[in-house]
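Below: one structure, written as structure tokens.
Rule-based calculations on the coordinates, nothing more; no lab input. It should be emphasised that the depicted structure is a prediction, and the values quoted were computed from it without experimental measurement. Ideal geometry is used to build each Cβ from the backbone, glycine not excepted, and the neighbour counts take in all protein chains shown.
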Amino acid sequence: MIPDGTVLGVSDQLNGTRAYGAIKDPEFAYGAMAYAPKSWTQKDPAQRFLMLQSAPLVIPSRVNACLAATVTSAAS
């Protein structure tokens, strides 16, 4: 979510690492994992539900390769 009046400048030199946060589910022992698939059925009418959870985190390694600036209009 970027607020109104904000401009992003990103270089192609912005490198990073993809990490994963904890899945907030006791069936997965609250562990950090790339994907946490779940499947369950419900009767009457018969249905199968599928859910895929993920909590990706991007860790930038060259933070000086980007900027965020707030642009305001000057009152005359």
Virtual spin-label span in nm between SER54 and TYR20, 7 Å along Cα→Cβ: 0.9 nm
The FRET efficiency for MET33 and ILE2, from their Cβ-Cβ distance with R0 = 25 Å and rounded to 0.05, is 0.30
Using a simple charge model, +1 on the beta-carbon of Lys and Arg, -1 on the beta-carbon of Asp and Glu, nothing else, what dipole does segment 6-70 show about its Cα centre, in debye to the nearest 20? 60 debye
Report Rg(Cα)/(2.2 N^0.38 Å) for the chain, keeping two decimals. 1.80
